[in-house]
Amino acid sequence: MAEADVLQPAAPAATSAPAGLRALVEALVEPLAARRFGDRHREVLLAAMQLIAQRGFAAASLRELARRVRISQPSLYHYFDSKEALIEQIVEAYSAELFEPPADLPPIRSLEDALRFAIGRVRAVYEDPRHADFVRFMFAVAIEKPRFRELLRDHYTERAIRLVAALLRCVAGPADLRPQDATPLAELAINAIVLRLINERVLRLGSSDVDDDAYVEFVIDTAVRGARARAAAPTPHREAQ
């Protein structure tokens, strides 16, 4: 289901954004994905994700996975039929957990609020050490098993962008954002934060000289100014009138 089927652009309102965001998350994230796996099953998936992140897909043996989770190798097939099925389960389970909305959504009344909320969620995700493992897992799988690239893109990258873009459309007025700019604006802002966090938390290249909070405010200010400038610029349709 596309976000346009769930959420249409609306004038800014104090309550529309949280309600719209929750409705959108419920549409984009399969609720059963997080409930489908029991605690032990999720423990196996986490161990497999970490193993693949460390060794790559081909070198991650089921024998080593069985050793790490303290069961016999044949018992692993109780949880998945093949390593390919294991990849699908990891992506499904982790992405469903990743996009679960917080219990209490803050007031979101403006473009700045929406971007600050989205960026805050991204930063919170990277505070969990498991996420660095998940990113390394995605790199390994995308490189070694190209057929999973679409799955990774759909469950992770594109879902995040669709979610943020729909939220931006929900809170932005005509002077803030052209509807067609919501997706590239979401991608611009999120990628600006994600690349910085990957450098620091995944690749461990060290911290930037620019303070994290100052960087976030710079990204938000630049994104909002650019979006409003584009919204105010004449279009061929307006000029014709």
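The values are calculated or read from the model by the stated rules, or taken from the named source; none is laboratory data. Note that the coordinates shown come from a computational prediction; the quantities given were computed from them, not determined experimentally. Don't worry about glycine lacking a Cβ; one is built from the backbone with ideal geometry, like all the others, and counts go over all protein chains shown. Please note that ligands, DNA and RNA were not included when accessible areas were found on the heavy atoms of the full protein model with its side chains. Shrake-Rupley method; radii C 1.70, N 1.55, O 1.52, S 1.80 Å.
Condition first: open to solvent by 50 Å² or more (accessible area, probe 1.4 Å) and among the charged types (D, E, K, R). Now tell me which residues in segment 73-91 satisfy that.
Matches in segment 73-91: Asp81, Glu84, Glu88.
Search segment 140-154 for residues that are over 17 Å from Arg55 (Cβ atoms) and pair each with any residue that is assigned to a helix (DSSP H, G or I) and among the charged types (D, E, K, R) when their beta-carbon atoms are under 8 Å apart and the residues are at least 6 apart or on different chains.
Taking only residues 6 or more apart or on different chains, the pairs are Leu151/Glu88.
So which of Glu200, Glu187 ends up being within 19 Å of Val135 (Cα to Cα), part of a helix (DSSP H, G or I), among the charged types (D, E, K, R) and modelled with pLDDT of 95 or more?
Going through Glu200, Glu187 in turn, the sole match is Glu187.
Yes or no: segment 57-66 includes at least one residue that is surrounded by 14 or more Cβ atoms within 10 Å (Cβ to Cβ), closer than 23 Å to Val141 by Cα and either in contact with an Asp or Glu (Cβ under 6 Å, 6 or more places away or on another chain) or at pLDDT below 75 (or both).
yes
Can Tyr94 be described as surrounded by fewer than 14 Cβ atoms within 10 Å (Cβ to Cβ) and assigned to a helix (DSSP H, G or I)?
So Tyr94 does not fit the description; no.
Scan segment 76-110 residue by residue and report those that are over 20 Å from the mean Cα position of the chain (by Cα) and either under 30 Å from Phe57 (Cβ atoms) or hydrophobic (A, V, I, L, M, F, W, C) (or both).
Within segment 76-110, Leu76, Tyr77, His78, Tyr79, Phe80, Asp81, Ser82, Lys83, Glu84, Ala85, Leu86 meet the criteria.
Given the condition within 30 Å of Tyr215 (Cα to Cα) and either free of Cβ contacts under 8 Å to residues at least 40 places away in the same chain or open to solvent by less than 30 Å² (accessible area, probe 1.4 Å) (or both), answer yes or no: does some residue in segment 46-56 qualify?
yes
Filter segment 125-139 for residues that are assigned to a helix (DSSP H, G or I) and either farther than 17 Å from Arg55 by Cβ or among the charged types (D, E, K, R) (or both); which is most open to solvent (accessible area, probe 1.4 Å)?
Top of the filtered list is Glu127.
To keep it simple, each residue is scored yes or no on (1) under 23 Å from Leu168 (Cβ atoms); (2) hydrophobic (A, V, I, L, M, F, W, C).
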{"residue": "Glu64", "(1), (2)": "no, no"}
{"residue": "Ile87", "(1), (2)": "no, yes"}
{"residue": "Ile90", "(1), (2)": "no, yes"}
{"residue": "Leu105", "(1), (2)": "yes, yes"}
{"residue": "Arg109", "(1), (2)": "yes, no"}
{"residue": "Leu115", "(1), (2)": "yes, yes"}
{"residue": "Arg130", "(1), (2)": "no, no"}
{"residue": "Ile143", "(1), (2)": "no, yes"}
{"residue": "Arg153", "(1), (2)": "yes, no"}
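Residue check: is Ala182 within 30 Å of Arg230 (Cα to Cα), free of Cβ contacts under 8 Å to residues at least 40 places away in the same chain, under 19 Å from the mean Cα position of the chain (by Cα) and in a helix (DSSP H, G or I)?
Criteria met by Ala182.
Search segment 117-133 for residues that are of a type outside the set (Asp, Glu) and pair each with any residue that is open to solvent by 30 Å² or more (accessible area, probe 1.4 Å) and outside any helix (DSSP H, G or I) when their beta-carbon atoms are under 7 Å apart and the residues are at least 6 apart or on different chains.
Phe117/Pro106
Inside segment 99-127, can you point out the residues that are acidic (Asp, Glu) and under 17 Å from Ile190 (Cβ atoms)?
If the condition is that a residue be acidic (Asp, Glu) and under 17 Å from Ile190 (Cβ atoms), then Glu112, Asp113, Glu127 are the ones that fit.
Would you point out which residue out of Ala17, Ala33 is open to solvent by less than 40 Å² (accessible area, probe 1.4 Å), at pLDDT below 90 and in contact with a Ser or Thr (Cβ under 8 Å, 6 or more places away or on another chain)?
Ala33
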